[in-house]
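Read-outs throughout are calculated quantities, based only on the coordinates presented, and are distinct from any laboratory measurement. Given the structure is predicted, the values throughout are model-derived calculations rather than measurements. Cβ coordinates were reconstructed from backbone atoms using ideal geometry, including for glycine residues, and neighbour counts include every protein chain displayed.
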């Protein structure tokens, strides 16, 4: 084997030591195998020894399903609103008007520069505090606060993704569209945004996965999501691993299909791929 | 009075070679050229890139603008459909100001076709969709009619088989011909060509120049910035030589290429050989 690779060459840096270009592949395989083994053993131990299946069945319905449903609802509403708002922020971010551009920049700086937990606190505790004690008109404010907080926060990230997407579309595209007599809005909608969207999809998908995970912070404002579910089960049953297993499955059940959806959308938005069909 | 008479005389002199266009101008009762640059100045920051440039392009003329790189020829062309703003002077199409602050630029641009060096086809649309897009969105043409017209135009540039192809499936020459068809789809009065063969492989230049020659033969008014001297000489009605932001010489191709009047013109030609 070695002769095949080093045939005719002298010192190419692959010849010395334990870790070299030839052994790297096998080191990688060995490392991965070890990792898989440890994790599998650990998981087996958790599932067999730690997880209480009677409890698992007991808390699955309705507690877990309700919590998962809550996360799913918040994610769907938050996704639609944050992507919509993010496109607007992104468009404002590339505006030719300095004022509009600066406002968008300030918005992004604030919402990316402060923690989501803080922003949730501002919405959930700060906003009602503006009314005299007991006068705040909303009874169940946790859900609206969750949606508002997640939307404002993620619109900033998506705005940046859209800005990057728009900026990576060559200037000639806008020029070609405008020189045909199309207005700025028509050119954006028909020519620049579809390409910008394609460029930004990976970043947007990434952000939406983070949005799913960010719902865990909603436990702080008393939204009955998956972490709240864990805390309830854990404190009443003194069992950590049974609810933890469910929580892990719950998040992955949303984020994994979401990743697949993003890859599907990317493939669909690829003109070359479409043309090959 | 005498002043205006003089101007009329000089204008008719400038269009005299092209009998047809002079005739059509007379028939329309107008004596002004189709595209006019009137003492325009353009700055990029501190740099003075167009210096008091005046140029008239009469109806039906193929005006070829040549000159060394950095001479402002592409900028001049880009000013003509306001992809660049000018700082003083005026540019008019058929007497209507393009450069005025309140000009209805989207309307005016429909009458000015532009073809770019880098094609700038819309990569997410097929050749047919590229051509049909603006007529549909800007003129509100029904989809079927726009597609039908687009197909005719693609036929005309020799690409009837490539209607469903995406730009990245076409050669450079094919892409540029789609770009020409796309510009023609808006029924422009004048076509601007900005170094349209410069990004092409040498063996693909001919097909694009051929399409442009056909267009010129059909009487299209064209302003062509190019480095293709063969084309300039053969198809051009007039050669405009630019250097350092100024028009240094303007004349008939034969006259210009055989016996340039200015020192600058002589030097430019000697460098080509």
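Normalised radius of gyration for chain A, please: alpha carbon Rg relative to 2.2 N^0.38 Å, two decimal places.
Details: Rg = 25.3 Å, N = 277, 2.2 N^0.38 = 18.6 Å.
So the Cα radius of gyration is 1.36 times the expected 2.2 N^0.38 Å.
Scaled to the compact-protein estimate 2.2 N^0.38 Å, what is the alpha-carbon radius of gyration of chain B, rounded to two decimal places?
1.01
Rank A:18, A:229, A:99 by mean-square fluctuation in a GNM of chain A with C-alpha springs under 10 angstrom and give only the top-ranked residue.
The residue with the greatest mean-square fluctuation here is A:18.
With a 10 Å Cβ neighbour count serving as the proxy for reagent exposure, in which order, fewest first, do B:56, B:155 appear?
On the way: B:56 20, B:155 13.
Ascending number of Cβ neighbours within 10 Å: B:155, B:56.
Which log10 I(q)/I(0) values does the protein assembly as shown give at q = 0.06, 0.11, 0.12 Å⁻¹ under the Debye formula, counting every alpha carbon as one identical point scatterer?
With one equal scatterer per Cα and no solvent, log10 I(q)/I(0) is -0.50, -1.03, -1.13.
How many angstrom lie between the C-alpha centres of segment A:100-163 and segment B:128-204?
The two parts, judged by their Cα centres, are 47 Å apart.
Over chain A, what is the relative contact order in whole percent, taking alpha-carbon pairs under 8 Å and six or more residues apart?
Once normalised by length, the contact order is 22 percent.
For residue A:32 and residue A:248, what is the calculated FRET efficiency with R₀ set at 22 Å and r taken between the beta-carbons, to the nearest 0.05? Intermediate results must be reported in sequence, preceding the final value.
Values: r = 21 Å, r/R0 = 0.96.
My answer for the efficiency is 0.55.
Using a Gaussian network model of chain B whose springs link C-alpha atoms within less than 10 Å, name the residue from B:193, B:122, B:44 with the highest mean-square fluctuation.
B:44
In chain B, what percentage of the DSSP-assigned beta bridges are antiparallel, given to the nearest 5?
55 percent
Taking the Cα-to-Cβ direction at residue A:203 and at residue A:55 and moving 7 Å from each Cα, how far apart do the two end points lie in nm?
Between residue A:203 and residue A:55, the simple spin-label model gives 4.4 nm.
Can you compute the helix-only [θ] at 222 nm over chain A? Use -39500 (n - 2.57) per DSSP H run of at least 4 residues, normalise by all residues, nearest 500 deg cm²/dmol. Working shown, then result.
Details: 13 runs with 193 residues, N = 277.
The per-residue figure over chain A is -23000 deg cm²/dmol.
So what's the Cα pair-distance distribution over segment B:144-273, bin width 5 Å, in %?
Binned Cα distances yield the sequence 2, 9, 19, 20, 17, 13, 8, 6, 4, 2, 0, 0.
Cα-Cα pairs above 14 Å in segment A:118-188: how many percent? It would help to have the intermediate numbers written out before the result.
Details: 1761 of 2485 pairs.
Summing the P(r) tail past 14 Å for segment A:118-188 gives 71 percent.
Which order results if B:201, B:244 are arranged by neighbouring Cβ count within 10 Å, fewest first?
B:201, B:244
Sum -39500 (n - 2.57) across every DSSP H segment of at least 4 residues in chain B, then divide by the residue count to get the 222 nm mean residue ellipticity, nearest 500.
-12500 deg cm²/dmol
At a Förster radius of 30 Å, what calculated FRET efficiency corresponds to the Cβ-Cβ distance of residue B:169 and residue A:185, to the nearest 0.05?
On the way: r = 30 Å, r/R0 = 0.98.
Computed FRET efficiency for residue B:169 and residue A:185: 0.50.
For residue A:260 and residue A:125, FRET efficiency with R0 = 30 Å and r from the beta-carbon atoms, rounded to 0.05?
Given R0 = 30 Å and the Cβ-Cβ separation, E is 0.20.
Expressed as a rounded percentage, what relative contact order does chain B have, with Cα pairs under 8 Å and six or more residues apart?
23 percent
Report for the protein assembly as shown the percent antiparallel among DSSP-assigned beta bridges with both residues inside it, nearest 5.
Values: 19 of 36 bridges.
Bridges in the protein assembly as shown are about 55 percent antiparallel.
What ranking do B:32, A:112 get, fewest neighbouring Cβ atoms within 10 angstrom at the top?
The fewest-first ordering by Cβ neighbours comes to A:112, B:32.
Jot down the radius of gyration and Dmax of segment B:54-106, Cα atoms only, both in angstrom.
11.8, 34
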